[in-house]
1. Which residue, Phe125, Asn36, Pro77, has the largest displacement toward the positive end of the dipole of the chain when charges sit on each Cβ (Lys, Arg +1; Asp, Glu -1)?
2. Could you order the peptides 112-121, 216-225, 130-139 from most to least packed, using the average number of other C-beta atoms within 10 Å per residue?
3. In debye to the nearest 20, how big a dipole does the chain give about its Cα centre with +1 on each Lys and Arg Cβ and -1 on each Asp and Glu Cβ?
4. Place a +1 charge on the Cβ of each Lys and Arg in segment 48-138 and a -1 charge on the Cβ of each Asp and Glu, then give the dipole magnitude about the Cα centre in debye, rounded to the nearest 20.
5. Share of the chain's accessible area from carbon and sulfur, percent, 1.4 Å?
6. Say R0 is 30 Å: what FRET efficiency, to the nearest 0.05, do Ala74 and Val17 get from their beta-carbon distance?
7. Beyond a 23 Å Cα-Cα separation, which of these cross-linked pairs lie in this structure: Lys134/Lys206; Lys134/Lys164; Lys78/Lys165; Lys4/Lys135; Lys129/Lys215?
8. Run the numbers on the chain and let me know its relative contact order in percent, using alpha-carbon pairs under 8 Å that are six or more apart.
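The values are calculated or read from the model by the stated rules, or taken from the named source; none is laboratory data. Just so it is clear, the structure is predicted and the values come from calculations on it, not from any experiment. As a convention, Cβ positions derive from the backbone with ideal geometry for all residues, glycine included, and neighbour counts pool all protein chains shown. What goes into the accessible areas is simple: the full protein's heavy atoms, side chains included, and nothing from ligands, DNA or RNA. Shrake-Rupley method; radii C 1.70, N 1.55, O 1.52, S 1.80 Å.
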Amino acid sequence: MEFKGLDESPYTMGEFVWTGFDYLGEPTPYNADATNLLNYSNPADREKATQELAALGKIRVPSRSSYFGIIDLAGFPKDRYYLYQARWRPDLPMAHILPHWNWPDRVGQVTPVHVYSSGDEAELFLNGKSLGRKKRGPLEYRFRWNDAVYQPGELKVVTYKAGKKWAEDVQRTTGPAAKLLLAADRATVRADGSDLAFVTVTVADKDGLLVPRSKNALKFTLSGPGRSLLRARRFPPARSRDRAALPQSR
């Protein structure tokens, strides 16, 4: 891992991250679909690959984007964003729990919980019960509770730095999707033909909590002298977050 290498080799000048943002094209790591056949010019090799894809049941519709950025195509930060934030902003009080806490099919099953934080200690609570306080050791870049057992409710982390409370984060189990929430990044737009307003649409439950596993199809309309430039966002962002194997980024 880059952080470990940097810490073990303090003479290095820095690091390079590829990529900061997802981008169109090169749909890594989701290129094991029909487009993979384009990599073969030999008919025999292409036929073999066709049979392998059919046996694996890989998706037929090709992905359009590269998905390993820190931020997704719509500009929303992924989990690993907070890993870098914790590393690059040690002065910023922050904590980030992953994954989300909507796992109705995992009640009573081990569901690991990880936390990124600029603090040096962290205590995790599930429905008010402590799952243990941990201190980050040398060359460790996250806090782990790999034996956490899923129960719906509230997952909360309290982090500390130098023995004092530093930052908190909460994940809550939500109800089903019940409403849409819209939030613009500005109240007015200049009528100059080039100004933009970014509007975030949240699929929420009745209490206004974002429903992380919602797959509702949304239709947008715009009235008045303007036009819409839609950028779709899936939540969680397209990665591996809708699996119980949980965070793969280091």
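1. Phe125
2. 112-121, 130-139, 216-225
3. Once rounded to the nearest 20, the dipole reads 580 debye.
4. Dipole about the Cα centre, nearest 20: 220 debye.
5. So the carbon and sulfur contribution to the accessible surface is 54 percent.
6. My answer for the efficiency is 0.95.
7. Lys134/Lys206; Lys78/Lys165; Lys129/Lys215
8. Once divided by the residue count of the chain, the mean separation gives 17 percent.
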